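Please read the structure below before turning to the comments.
The values are calculated or read from the model by the stated rules, or taken from the named source; none is laboratory data. None of the values given here were measured: they were computed from a predicted structure. Every residue, glycine among them, receives a Cβ derived from its backbone with ideal geometry; neighbour counts consider all protein chains shown.
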Amino acid sequence: SRDYADHVTVQTRTRPEPHAIPAQPLPDGRQDAIGYVLSCIRSGTPITGPLAPAISLVGQRIVDTAAESARQKRTLPLTP
């Protein structure tokens with residue numbers, strides 16, 4: 001899986017052909033979403049980024065509202 005590759009493939013305006021740049025392995029607790037959340041809980045560190053509760057809640061509201069909108073076959077405002 002590319003998720004576990006030892007490099008990232010990059011293209012830039014000055015070098016448009018895809019080329020590999022080495023990537024260091026992530027430390028324990030940062031290698032996947034579940035490991036990250038568990039590491040934060042164990043260390044008492046706030047969960048940040050897309051897994052932060054406030055951001056996750058917005059995503060869940062979008063999904064819930066989209067499902068209800070499809071069920072009702074009409075546009076709905078985002079659930080508060």
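A few points about this structure:
- Only one of the listed residues (Leu38, Leu51, Leu78, Leu57) is in contact with a Gly (Cβ under 9 Å, 6 or more places away or on another chain), of a type in the set (A, V, I, L, M) and either at pLDDT 95 or above or on the phi < 0 side of the Ramachandran plot (or both). That residue is Leu38.
- Looking across the stretch 34-49, the residues that are exposed (fewer than 12 other Cβ atoms within 10 Å of the Cβ) and among the aliphatic types (A, V, I, L, M) come down to Ile34, Ile41.
- Thr75 vs. criteria of a type in the set (Ser, Thr, Tyr), in contact with a Ser or Thr (Cβ under 9 Å, 6 or more places away or on another chain), in a loop (DSSP other than H, G, I, E, B) and farther than 30 Å from Arg2 by Cβ: yes
- Residue in the stretch 50-65 that is in a loop (DSSP other than H, G, I, E, B), surrounded by 11 or more Cβ atoms within 10 Å (Cβ to Cβ) and free of Cβ contacts under 8 Å to residues at least 12 places away in the same chain present: yes
- Members of the stretch 1-23 found to be modelled with pLDDT of 90 or more, assigned to a loop (DSSP other than H, G, I, E, B) and within 25 Å of Cys40 (Cβ to Cβ), listed by number: Ala23
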